[in-house]
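Undergrad: Take a look at the following structure, please.
The values are calculated or read from the model by the stated rules, or taken from the named source; none is laboratory data. Being a predicted model, the structure only gives us computed values, none of them experimental. Every residue, glycine among them, receives a Cβ derived from its backbone with ideal geometry; neighbour counts consider all protein chains shown.
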Amino acid sequence: MFTLHGNGVGAGIAIGRARIIHRPGQEIPKYNIEPEQIDQEVTRLADGIESAIRALQTIKQQIPAEGAEEVNAILDAHLLMLQDPMLSQEPSSIIRAQGINAETALQQHADHLEKMFNDIDDPYLSSKSADVAQIINRIQGELLDEQGSLTAQPEGKFDDQIIIANDLTPADTIELTKHRIGAFITNLGGPISHTAILARSMKIPAIVGLHGAIRYLHNGDLLIIDGKRGVVLVNPDEAALITYRRRREKIVSRIQEMDALLNAAAETLDGVSVSLNANIGLPEEILESVAQNAAGVGLYRTEFLYMNRETMPDEEEQYEVYSHVLKQSATPVTIRTLDLGADKQVDGGRVSDTITTNPALGRRAIRLCLHDLSLFKPQLRAVYRASVHGETRLMIPMMSNIDELDQLFVLLDEVQQELTSQGYDFDPDIPIGGMVEVPAAAISADLFADKLDFLSIGTNDLIQYTLAIDRIDDEVNYLYNPLHPSILRLIKITIDAGKAANIPVSMCGEMAGNVEYTRVLLGMGLRDFSMDPSALLEVKRQIRLTDTAKIEPKVNMLLKTADQKVVKQLISEINE
């Protein structure tokens with residue numbers, strides 16, 4: 001028995017046999033071809049690309065209505081790359097110039113592209129090399145007529161098995177939904193990769209980012225996958241099997257216990273009432289929010305409406321979408337205005353071809369919207385018009401200075417005047433709030449609180465900006481620490497500013513849905529949480545087992561210490 005470690009991205013424990021789909025560095029045959037065979041080889045390359053396109057199109061048509069939109073979006077992007085004439089032109093030229101086979105020519109082109117992407121300083125653009133590698137591998141699979149991939153395998157063939165791969169392409173992720181697999185492991189990938197998204201949506205254990213360790217695994221190995229801890233036990237002994245089977249049984253019992261909490265109040269042992277809301281990114285996700293008895297939608301990410309399209313959605317399209325969400329919800333819906341920029345450079349919202357040195361610090365979110373009113377005003381008009389269909393709140397992302405708010409309020413007045421003159425009905429008293437996700441906003445939270453109706457803490461970016469790390473870069477994500485003293489103090493400053501101004505403060509970042517931090521946040525005074533609907537019941541359970549009066553002294557101690565050993569001890573005591 002031996003152990004491997006990676007990033008756990010799907011909760012739970014799985015026990016099953018290994019099934020290797022493909023390893024890193026697949027064997028590419030290299031051979032010369034006769035001059036009279038060159039045209040035939042170029043045609044074979046073109047046919048391989050066409051086969052890859054048809055395979056992806058077929059898979060895309062099979063995506064269920066409830067399928068993950070993120071996977072659909074990545075498939076569309078891969079199809080666009082496959083259909084780009086430049087993808088075949090360079091390998092074809094290599095075939096003609098060197099007289100070599102299509103696979104080798106394609107690999108030479110892939111190596112050139114990889115080097116080109118690695119030389120790009122921009123982290124967002126350089127990250128696109130993974131997409132290029134995936135489509136190259138798919139073409140190679142067609143050329144080699146691989147039978148080891150997930151595509152076209154009979155339904156149920158991989159049931160209860162643990163899938164092992166260098167990486168899972170978007171097409172693979174769709175195929176996986178047809179099988180009742182136990183778990184999966186990948187060599188590549190990070191906590192917010194599409195592979196991680198799939199694991200969470202399928203509610204199965206998964207571990208990504210093993211960085212070469214999968215070479216120690218073989219087909220048929222008995223594996224234990226601990227998705228929470230990111231641990232793989234290879235060919236475990238009987239004692240380990242007994243231990244993990246018991247843990248798995250406890251997890252199943254916990255899930256059943258969670259279901260029993262569906263109609264229970266989110267209230268602490270000492271009678272403190274807490275509001276639990278849902279984060280959604282697609283209109284259909286409102287149904288999951290309703291099914292989980294969420295108090296409302298604390299974050300509706302509207303930028304997904306702009307993705308994977310060449311034109312921006314107009315006012316009417318946005319009005320219809322927002323109206324649909326509001327009609328489906330009997331509870332308040334907080335609509336966040338467009339948060340494009342940084343890693344969300346999508347065709348429907350891109351207004352410039354300028355490449356910024358650090359897109360996370362560039363023109364994004366409210367900065368972009370105020371710069372381009374043709375982008376912003378149709379959204380604001382649509383939100384106000386839709387407000388007649390349900391309780392609506394408007395939230396502004398990435399606030400950093402008061403001048404932006406002043407410009408916003410002038411614009412909102414203009415929008416209301418236009419709608420009134422045009423005879424539209426709308427709610428003129430929509431609460432206006434802002435996201436605290438920039439350290440400047442947290443430090444000045446009292447100033448923002450004086451002008452807004454509510455605040456919402458976006459911990460994902462707040463941590464990234466405060467600690468000066470890229471949260472999607474797996475070389476530095478070990479520094480991503482929600483319990484860093486500076487983060488806890490900024491959160492506390494924001495909560496206190498809301499109390500002083502008598503306005504609600506919520507949290508919609510990942511911290512809100514992590515039960516490890518629930519009691520810490522309650523002890524700091526947070527009473528409004530917003531998270532992925534799948535996390536609501538687990539957080540509710542933690543709330544109902546908490547006595548805020550008992551934990552507040554320890555939380556106050558936590559806010560005053562920088563010693564990580566003391567921090568760990570306090571967190572352990574708080575969560576007992």
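Undergrad: Would you tally the residues in the range 1-59 being of a type outside the set (S, T, N, Q), more than 28 Å from the chain's Cα centre (by Cα) and either under 21 Å from residue 163 (Cβ atoms) or modelled with pLDDT under 85 (or both)?
TA: At the first step, the residues of the range 1-59 found to be of a type outside the set (S, T, N, Q) are 1-2, 4-6, 8-25, 27-31, 33-36, 38-39, 41-42, 44-50, 52-56, 59.
Next, from what is left, pick out any that are more than 28 Å from the chain's Cα centre (by Cα): 1-2, 17, 27-31, 33-36, 38-39, 41-42, 44-50.
Narrowing further to those that are either under 21 Å from residue 163 (Cβ atoms) or modelled with pLDDT under 85 (or both): 1-2, 17, 27-31.
Total meeting the criteria: 8.
Undergrad: Here's a check for you: in the range 487-527, which residue that is under 15 Å from residue 451 (Cα atoms) and aliphatic (A, V, I, L, M) is surrounded by the fewest Cβ atoms within 10 Å (Cβ to Cβ)?
TA: 500
Undergrad: Condition first: over 27 Å from the mean Cα position of the chain (by Cα) and free of Cβ contacts under 8 Å to residues at least 60 places away in the same chain. Now tell me which residues in the range 383-400 satisfy that.
TA: If the condition is that a residue be over 27 Å from the mean Cα position of the chain (by Cα) and free of Cβ contacts under 8 Å to residues at least 60 places away in the same chain, then 384, 388 are the ones that fit.
Undergrad: While we're on this one: Which members of the range 411-425 meet the condition of being assigned to a helix (DSSP H, G or I) and within 17 Å of residue 383 (Cβ to Cβ)?
TA: Selection gives 411, 412, 413, 414, 415, 416, 417, 418, 419, 420.
Undergrad: Among the numbered criteria (1) surrounded by 12 or more Cβ atoms within 10 Å (Cβ to Cβ); (2) out of contact with any helix residue (DSSP H, G or I) (no Cβ under 8 Å at 6 or more places or on another chain); (3) among the acidic types (Asp, Glu), which single criterion is violated by residue 257?
TA: (2)
Undergrad: Kindly evaluate residue 380 against the criterion of being within 26 Å of the chain's Cα centre (by Cα), in the same structural domain as residue 300 (by TED's automatic domain parsing) and modelled with pLDDT of 95 or more.
TA: Judged against the criteria, residue 380 is a match.
Undergrad: Scan the range 507-528 and give yes if some residue there is in contact with a helix residue (DSSP H, G or I) (Cβ under 7 Å, 6 or more places away or on another chain) and over 28 Å from residue 566 (Cβ atoms), otherwise no.
TA: Checked the range 507-528: no residue is in contact with a helix residue (DSSP H, G or I) (Cβ under 7 Å, 6 or more places away or on another chain) and over 28 Å from residue 566 (Cβ atoms).
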